[in-house]
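> Shown below is the structure under consideration.
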Ligand SMILES: [Fe+2]
């Protein structure tokens with residue numbers, strides 16, 4: 001029998017002679033033991049000191065062994081419990097095993113089987129603890145890898161954002177402001193948080209398709225011709241073509257694809273109407289237009305927020321979803337704080 005000074009056993013029995021018999025036998029085999037005469041005393045001792053195993057009688061005055069077992073299971077999950085009972089009370093032992101006792105010993109017992117039972121209980125307890133640790137470490141590893149994968153994903157998005165910025169200086173800060181304004185509107189409309197996250201991602205990437213638009217058209221310091229306008233209008237679809245390799249959430253791709261649809265069906269690329277346009281796209285449309293109007297462009301200076309508000313009001317119900325415009329106006333103060341800086345730092349923050 002191995003001697004392990006870390007393994008301490010609490011022997012609980014109302015009969016002193018049985019306590020002594022068990023303790024003597026265990027101590028002869030190298031175990032450290034303490035005793036308790038009832039359930040209450042056992043709980044007190046468990047509170048004061050660490051025990052790895054409790055051997056408890058079932059039939060005791062006051063708190064019986066089953067009750068004590070329940071308390072130990074709920075408060076000391078790493079303490080193993082072996083029940084001791086007489087043959088007439090065998091049913092209690094079965095109940096105890098169902099509850100989570102490691103084993104039971106029938107009185108009168110021979111000391112050999114007591115020792116085997118104790119050793120098995122320690123071995124099983126150790127296995128359970130090691131298994132739990134392994135599980136915990138595994139979970140940590142999975143979490144770490146998930147974080148790593150997410151970092152790579154965010155870096156890929158940042159790389160795309162930088163690529164667009166290198167081509168179209170106007171985009172600097174625009175996507176971030178559109179994202180922030182869209183999130184404010186989405187929250188005002190009480191959309192669920194998963195969808196708000198999708199809007200956030202869509203906002204950051206909504207104009208990525210401009211990578212595929214000719215630079216002379218993107219940065220033209222004057223009004224676009226009809227064919228140039230048509231060319232620029234392909235950017236939502238180009239964006240989806242690029243992003244489909246990176247983003248598997250169809251809802252995000254759909255939001256991006258339709259962010260230039262009009263509420264009255266006269267927008268692009270599919271002429272969708274009203275609720276057929278994803279709500280995320282209807283929100284992005286308002287945020288995007290508002291930020292574009294209040295930004296300086298190659299062909300005009302920034303409009304004042306008041307002028308931009310009038311324009312949104314004018315296009316409510318034709319270009320824009322009226323509910324989204326109303327929500328936007330209710331958040332006017334927050335929105336103004338965002339556009340007043342016009343200097344949102346670069347850096348992707350998807351789960352703020
Ligand atoms: Fe756009």
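Nothing in this text is a laboratory measurement; each read-out follows from the coordinates by a stated rule. If you're wondering where the values come from, they're calculated on a predicted model, not measured in any experiment. No Cβ is skipped: glycine too gets one built from the backbone with ideal geometry, and neighbour counts run over all protein chains shown.
> Test of understanding: extend the Cα→C-beta vector of residue 41 to 7 Å, then name every residue of region 5-27 with backbone N under 12 Å from that spot.
11-20
> On to the next question. So for the pair residue 244, residue 75, with labels modelled 7 Å out along Cα→Cβ, what separation do we get in nm?
Rounded to a tenth, the inter-label distance reads 6.2 nm.
> Mind giving me the nanometre distance, one decimal, between the label points for residue 266 and residue 32, set 7 Å out from Cα along Cα→Cβ?
8.6 nm
> Calculate how steeply helix 16-28 sits against the longest principal axis of the alpha-carbon atoms of the chain, using the helix alpha-carbon long axis, and give the answer as 0 to 90 degrees to the nearest 10.
Helix 16-28 sits roughly 70 degrees off the main axis of the chain.
> Which angle between 0 and 90 degrees, to the nearest 10, do you get for helix 39-48 versus the longest principal axis of the chain when only C-alpha atoms count?
Tilt of helix 39-48: around 60 degrees.
> Kindly identify region 8-136 as rounded, prolate or oblate by the Cα gyration tensor criterion: order the square roots of the eigenvalues as a ≥ b ≥ c, call it rounded if a/c is under 1.5, otherwise compare a/b with b/c, prolate if a/b is larger, else oblate.
Numbers: a/c = 1.34, a/b = 1.25, b/c = 1.08.
Cα axes put region 8-136 in the rounded bin.
> Springs between alpha-carbon pairs under 10 angstrom, Gaussian network model over the chain: which of 138, 111, 224 fluctuates most?
111
> If one computes the Cα centroid of region 270-291 and of region 93-133, what distance in Å separates the two points?
65 Å
> Tell me whether region 168-341 comes out rounded, prolate or oblate; compute the Cα gyration tensor, take square roots of the eigenvalues as a ≥ b ≥ c, and use a/c under 1.5 as the rounded threshold. Write down the numbers at each step before the final one.
Values: a/c = 1.37, a/b = 1.07, b/c = 1.28.
It comes out rounded by the Cα gyration axes.
> Another question, then. Can you classify the chain as rounded, prolate or oblate using the Cα gyration tensor, where a ≥ b ≥ c are the square roots of its eigenvalues, rounded means a/c under 1.5, and otherwise it's prolate if a/b beats b/c and oblate if not? Please report the intermediate quantities before stating the final value.
Details: a/c = 4.39, a/b = 3.58, b/c = 1.22.
Prolate shape, in that a/c is at least 1.5 and a/b is the bigger ratio.
> Now for a separate question. Hey, with R₀ at 51 Å, roughly what FRET efficiency would residue 332 and residue 135 work out to, going by the Cβ-Cβ distance, to 0.05? Before the final figure, lay out the partial values.
On the way: r = 51 Å, r/R0 = 0.99.
The formula returns an efficiency of 0.50 here.
> Enter the angle in degrees (range 0 to 90, nearest 10) between the Cα long axis of helix 305-314 and the first principal axis of the Cα atoms of the chain, meaning the one along which they spread out most.
Orientation of helix 305-314: about 80 degrees from the principal axis.
> By counting other Cβ atoms within 10 Å of each Cβ, how are 146, 179, 289 ranked from fewest to most? Let's see the in-between values first.
Values: 146 10, 179 27, 289 19.
Ascending Cβ contact count within 10 Å gives the list 146, 289, 179.
> Pull out the extension gain between residue 94 and residue 292, defined as 0.36 nm times the separation in residues minus the alpha carbon to alpha carbon distance; nm, one decimal. Intermediate values should be presented prior to the final figure.
On the way: separation 198, 0.36 × 198 = 71.28 nm, distance 7.39 nm.
Result: 63.9 nm gained on full extension.
> Something else: Using a Förster distance of 41 angstrom, determine the FRET efficiency expected from the C-beta separation of residue 214 and residue 276, and round it to 0.05. Working shown, then result.
Values: r = 31 Å, r/R0 = 0.75.
Result of the calculation: an efficiency of 0.85.
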